[in-house]
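Novice: Questions regarding the structure given below will be posed in turn.
Values in this text are rule-based calculations from the coordinates and carry no lab data. Since the model is a prediction, treat every value here as computed from it, not as a measurement. Backbone-built Cβ (ideal geometry, glycine too); neighbour counts: all protein chains shown.
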Amino acid sequence: MRTLLPLCCAALAACSSLSESDCRAANWYALGERDALLGQRPQIERYAADCGRYAVTPAEPEYMAGWGIGYSEWNRRVSGSRM
């Protein structure tokens, strides 16, 4: 059950797209961190495609900085659960 919830969240997040208001108000750092904590690869290209429809360019450096921190935490959790 513990592993099912993150998988469901990841699947739902992978299917969703960003609206214009989401794109314009996005906290790219937090979004990157959330994606990594869900165990996802960086989604910046998908966000660029979603937001490009509204002439909004995601802040890739901020997103990747958040993703890096989130990935470190996710990796620590996954490694810790194997012990």
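Novice: Being in a loop (DSSP other than H, G, I, E, B) and in contact (Cβ under 8 Å) with a residue 24 or more places away in the chain is the filter here, so list the residues in the range 54-69 that pass it. Explain how you work it out, then say what you get.
Specialist: First, the residues of the range 54-69 that are in a loop (DSSP other than H, G, I, E, B): 54-59.
Residues satisfying the conditions are Tyr54, Val56, Pro58, Ala59.
Novice: If you don't mind, there's one more thing I want to ask. Can you find a residue that is surrounded by fewer than 18 Cβ atoms within 10 Å (Cβ to Cβ), touching a helix residue (DSSP H, G or I) at 6+ places or on another chain (Cβ under 7 Å), in a loop (DSSP other than H, G, I, E, B) and among the hydroxyl-bearing types (Ser, Thr, Tyr) anywhere in the range 16-27?
Specialist: Here is the first cut: in the range 16-27, the ones surrounded by fewer than 18 Cβ atoms within 10 Å (Cβ to Cβ) are 16-17, 19-22, 24-25, 27.
Within this subset, residues satisfying the condition of being touching a helix residue (DSSP H, G or I) at 6+ places or on another chain (Cβ under 7 Å) are 17.
The next check asks that each one be in a loop (DSSP other than H, G, I, E, B); those that pass are 17.
Filter again for among the hydroxyl-bearing types (Ser, Thr, Tyr), leaving 17.
Scanning the range 16-27, I find at least one residue that is surrounded by fewer than 18 Cβ atoms within 10 Å (Cβ to Cβ), touching a helix residue (DSSP H, G or I) at 6+ places or on another chain (Cβ under 7 Å), in a loop (DSSP other than H, G, I, E, B) and among the hydroxyl-bearing types (Ser, Thr, Tyr), so the answer is yes.
Novice: Sticking with this one: Name every residue in the range 32-53 that is hydrophobic (A, V, I, L, M, F, W, C) and assigned to a loop (DSSP other than H, G, I, E, B), in order of residue number.
Specialist: Residues of the range 32-53 hydrophobic (A, V, I, L, M, F, W, C): 36-38, 44, 48-49, 51.
Within the range 32-53, just Leu38 meets the criteria.
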